[in-house]
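**Q** Quick one: the structure is below, and I'll ask about it shortly.
The values are calculated or read from the model by the stated rules, or taken from the named source; none is laboratory data. Since this is a predicted model, take the numbers as computed values, not measurements. No Cβ is skipped: glycine too gets one built from the backbone with ideal geometry, and neighbour counts run over all protein chains shown.
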Amino acid sequence: MVQGTDAAIGSAYDARAAEYVELAGAIEQMDARDAAVIAAWRDATPGPLLDAGCGPGHWTEFLGKDGREVRGIDLSAEFITAAKKRHPGIAFEVGTFRALPLYSGSVGGILAWYSLIHTPPADLPEIFMEFGRVLAPGGSILIGFFDGEPRESFAHAVAPAFFWSADALAEMLADAGFEVVSTETRGRETGEISARPHGSLVARTQPGTLVHTRPEEDRA
């Protein structure tokens, strides 16, 4: 399989899913600052939420606190199997960000927490357009990423990955009809799962932006 394809990324995580779940499959293993950022975004974002790249579902469950409608999608079948076992009652499915199984304008927010790091840079505009399609007017996305030289690749433990900066992502997001409204970066502390600098941003669909529709609106 070609590195960077959805199939290759999914297979790479399938092979190490059990290890990942053990090391980073629970909220208690996450940095409290990450939880604070995601909680603030969740609470400020109305409507159903999508965890795009849900892994074993720990952040999906976190998003669904207090009865929020939420669903998770991931390229890894092994992750989805684990998520369904660990978080019954939440909808999880295997799928690609390039063609989300959702109606246009049907979700209020999308969490993409370190789930775009393996995507080849040339493919991100397509994915941002698809995110824009399924978001309701005024909807938002929260993206977590490794902060560094934009588009520079590095040898991630699971599959080749890429650094990004908020400015570089903002340029592509603007082309897809988004406006970045907040960003944050920080170094890592001893004990965190990763040693690479962290970054995140929140972007919203701009007022008056047309929804990117697909002709086959039979997605459910």
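**Q** I'm told residue 82 meets every condition in (1) within 14 Å of the chain's Cα centre (by Cα); (2) aliphatic (A, V, I, L, M); (3) at pLDDT below 95 except one. Can you identify the failing condition by its number?
**A** Going through the list (1) within 14 Å of the chain's Cα centre (by Cα); (2) aliphatic (A, V, I, L, M); (3) at pLDDT below 95, residue 82 breaks only (1).
**Q** With a cut-off of at least 2 residues that are over 24 Å from residue 27 (Cβ atoms) and of a type in the set (Gly, Ala, Ser), name the strands (runs of 3 or more DSSP E) lying wholly within the stretch 93-207. Before the answer, list the steps.
**A** Numbers: elements: 107-113, 135-146, 178-186, 198-205.
The strands (runs of 3 or more DSSP E) meeting that bar are 135-146.
**Q** Let me ask something additional. Within the stretch 58-74, track down each residue that is in a loop (DSSP other than H, G, I, E, B) and modelled with pLDDT under 95.
**A** Going through the stretch 58-74, the residues in a loop (DSSP other than H, G, I, E, B) turn out to be 64, 68-69.
Hit for the stretch 58-74 is 68, nothing else.
**Q** Of everything in the stretch 154-196 that's in contact with a helix residue (DSSP H, G or I) (Cβ under 8 Å, 6 or more places away or on another chain) and hydroxyl-bearing (Ser, Thr, Tyr), which residue is farthest from residue 129 (Cα to Cα)?
**A** So, considering only residues that are in contact with a helix residue (DSSP H, G or I) (Cβ under 8 Å, 6 or more places away or on another chain) and hydroxyl-bearing (Ser, Thr, Tyr), the one farthest from residue 129 (Cα to Cα) is 185.
**Q** Which of the following residues is exposed (fewer than 13 other Cβ atoms within 10 Å of the Cβ) and of a type in the set (A, V, I, L, M, F, W, C): 50, 23?
**A** Working: 50 fails: exposed (fewer than 13 other Cβ atoms within 10 Å of the Cβ).
When all the criteria are applied, what remains is 23.
**Q** Now for a separate question. With the requirement that a residue be surrounded by fewer than 23 Cβ atoms within 10 Å (Cβ to Cβ) and either without any contact (Cβ under 8 Å) to a residue 60 or more places away in the chain or hydrophobic (A, V, I, L, M, F, W, C) (or both), what does the stretch 96-106 give you? Working first, answer last.
**A** The initial filter retains those residues of the stretch 96-106 that are surrounded by fewer than 23 Cβ atoms within 10 Å (Cβ to Cβ), namely 96, 98-106.
Result: 99, 100, 102, 106.
**Q** Sticking with this structure for a sec: Does at least one position in the stretch 173-182 carry a residue that is closer than 25 Å to residue 19 by Cβ, at pLDDT 95 or above and surrounded by 13 or more Cβ atoms within 10 Å (Cβ to Cβ)? Can you show your working first?
**A** Step one: list which residues in the stretch 173-182 are closer than 25 Å to residue 19 by Cβ, which gives none.
Checked the stretch 173-182: no residue is closer than 25 Å to residue 19 by Cβ, at pLDDT 95 or above and surrounded by 13 or more Cβ atoms within 10 Å (Cβ to Cβ).
**Q** How many residues are free of Cβ contacts under 8 Å to residues at least 60 places away in the same chain and in a loop (DSSP other than H, G, I, E, B) if we restrict to the stretch 75-92?
**A** Within the stretch 75-92, residues that are free of Cβ contacts under 8 Å to residues at least 60 places away in the same chain and in a loop (DSSP other than H, G, I, E, B) number 4.
**Q** Would you check which residues across the stretch 133-153 are closer than 21 Å to residue 41 by Cα and in contact with a helix residue (DSSP H, G or I) (Cβ under 9 Å, 6 or more places away or on another chain) and list them?
**A** Just the residues of the stretch 133-153 that are closer than 21 Å to residue 41 by Cα, to begin with: 133-147.
Those that are closer than 21 Å to residue 41 by Cα and in contact with a helix residue (DSSP H, G or I) (Cβ under 9 Å, 6 or more places away or on another chain): 139, 140, 141, 142, 143, 144, 145, 147.
For (1) touching a Ser or Thr at 6+ places or on another chain (Cβ under 6 Å); (2) farther than 22 Å from residue 98 by Cβ; (3) surrounded by 14 or more Cβ atoms within 10 Å (Cβ to Cβ); (4) among the hydrophobic types (A, V, I, L, M, F, W, C), each residue gets a yes or a no:
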| position | (1), (2), (3), (4) |
| --- | --- |
| 31 | no, yes, yes, no |
| 34 | no, yes, yes, no |
| 41 | no, yes, yes, yes |
| 46 | no, yes, no, no |
| 54 | yes, no, yes, yes |
| 58 | no, yes, yes, no |
| 65 | no, yes, no, no |
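**Q** Only residues that are among the small types (Gly, Ala, Ser) and out of contact with any Pro (no Cβ under 8 Å at 6 or more places or on another chain): list them for the stretch 15-41, please. First the steps, then the outcome.
**A** From the stretch 15-41, those among the small types (Gly, Ala, Ser) are 15, 17-18, 24-26, 32, 35-36, 39-40; that's our starting set.
Those that are among the small types (Gly, Ala, Ser) and out of contact with any Pro (no Cβ under 8 Å at 6 or more places or on another chain): 15, 18, 24, 26, 32, 35, 36, 39, 40.
**Q** Can I ask one more? Touching a residue at least 40 places away in the same chain (Cβ under 8 Å) and surrounded by fewer than 20 Cβ atoms within 10 Å (Cβ to Cβ), is that true of residue 144? Lay out the reasoning, then the answer.
**A** Details: touching a residue at least 40 places away in the same chain (Cβ under 8 Å): yes; surrounded by fewer than 20 Cβ atoms within 10 Å (Cβ to Cβ): no.
Criteria not met by residue 144.
**Q** Which numbered condition trips up residue 57, out of (1) in contact (Cβ under 8 Å) with a residue 60 or more places away in the chain; (2) touching a Lys or Arg at 6+ places or on another chain (Cβ under 7 Å)?
**A** Every condition holds for residue 57 apart from (1).
**Q** Can you report the number of residues in the stretch 124-135 which are surrounded by fewer than 20 Cβ atoms within 10 Å (Cβ to Cβ) and touching a residue at least 40 places away in the same chain (Cβ under 8 Å)?
**A** Adding up the residues that qualify gives 2.
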